[in-house]
Amino acid sequence: MTWGDSSSSAEQVQTIDDRKTKEPLNVSLEQAAFHLAAIVESSDDAIVSKDLTGIVTTWNAAAERLFGWTAEEMIGKSILTIIPSELQHEETGILNRIREGRRIEHYETERVRKNGERVWVSLTISPVKSPTGKIVGASKIARDISDRKKVQEALIQSEKLAATGRMAAAIAHEINNPLEAVTNLAYLIFSDAQLNEKTRAYAKLLLQEAGRASEIAKQSLAFYRDAGKPGNFAISELLDDVINVNCHKLEPHGVRVTRDYRASAPLFGYASEIRQVFSNLILNAVDAMPNGGEILVRSTQFSEGVNGKPSIRVSIADNGIGITPESRTRLFEPFFTTKKTHGNGLGLWVSQGIAEKHGGHISVRTCTVPGHSGTVFSVVLPLPTAPSVQQPSAQRTVA
């Protein structure tokens, strides 16, 4: 063997050794790329990439679940497909920042699903660079924050209602004294036999209207004052309060209310919370009758109700459009609403919680067949003591 042969053999050995050291490195890089792709595909967050013109280049499974578009449908299309028309100007600013190499973190905005439904998302967008360091596109992570937004909106709305309640109570308290003076003066005018009949008739009308204003003030104070303390209350008086307070919403919609009170025993609990339950149910009934209709409010007392105990059932029945089977199964879920932008989806969920807090429950029956459509919500609440002697039915109708 010559020195040349020996050198050649050494080179061969070195080449083999190099291959041995390099091959595991190549396998490791391939595995890392595979693992990274698997992580992206299995992520709970939507991960999307696009080029600098906004054309989608990758679309993971979470993006399919969040936006409703499959990868086959979206890859090669503009990202504007999922951006509402009034927000599409945002994309220009985003792409400009990406071209400058700047990262965008936790940017909250709205996007649109394939079915047209809006969804709130938090976006984190980063530049994607080629091996030479040139920016060639963007990687976007989108997280669904719709529930968080709904909670925030509900909290804001709750605080607004609380502030409104405090203001209404303050106003009601302040106007009580002048209202009492007006009422007394109107009574004196009406009682003056020296005045002609026309003047006394006006005085009588003034007396009636002042009395109505005084009643509204008392109801406003009652709603606010008993919010924090449980006690005994008559269900018929509570229902009358709810109906009277909401009269201004019933009349313009052409809705008539029939009251059928057959329960006489007092309930024990938080009257303000129970008012909220029936107010929610009555307003839902109004929404179900856009062209007007009838609501029957009925209270009944029976000996074997919740857990076999004496209870009162209050039913709110309407002849509206009814509730579809799909919606029926989700009625008491938080944030589920059929009112689109007009509701936050918390009314029935909160109402069910209040009923359960008082040891009761809410049930629903509904029909969507034209000519027979309607919905009945029944609230069953246990009595604190043995039921009283049932009084005769009292029915009356209000416009």
Where in the range 271-316 are there GluC sites (Glu not before Pro) that are in a DSSP coil and have at most 14 other Cβ atoms within 10 angstrom of their Cβ?
Glu304
Would you mind computing, in nm to one decimal, how far apart the modelled labels at Asn96 and Lys198 are, each placed 7 Å from Cα along Cα→Cβ?
7.3
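Calculate how large, on average over all directions, the projected area of the Cα convex hull of the range 69-141 is; give the answer in nm² to one decimal.
Projected area, direction-averaged: 5.3 nm².
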With the alpha-carbon atoms as the only input, what is the per residue convex hull volume for the range 283-365 in Å³?
104
Ratio for the range 230-399, C-alpha Rg to 2.2 N^0.38 Å, reads 1.00
So if I take the alpha carbon set of the range 39-162, get Rg, then get Rh from the Kirkwood formula, what is the Rg over Rh ratio?
1.02
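Got a sec? How would Ile75, Ile312 order by Cβ neighbour count within 10 Å, fewest to most?
Working: Ile75 16, Ile312 24.
Arranged by neighbour count, lowest to highest, Ile75, Ile312 become Ile75, Ile312.
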Just for the Cα atoms in the range 174-321, what are the lengths along the principal axes, largest first, rounded to whole Å?
64, 39, 26
Would you please give the FRET efficiency between Glu356 and Thr258, computed as 1/(1 + (r/R0)^6) with r the Cβ-Cβ distance and R0 = 41 Å, to the nearest 0.05?
0.90
Please report His253, His372, His358 as a ranked list, fewest other C-beta atoms within 10 angstrom at the top and most at the bottom.
His372, His253, His358
For Met289, Met74, Met167, order by how many other beta-carbon atoms lie within 10 Å, fewest first:
Met167, Met289, Met74
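Read-outs throughout are calculated quantities, based only on the coordinates presented, and are distinct from any laboratory measurement. The model shown is predicted, which means the values in this text are computed figures rather than measured ones. Every residue, glycine among them, receives a Cβ derived from its backbone with ideal geometry; neighbour counts consider all protein chains shown.
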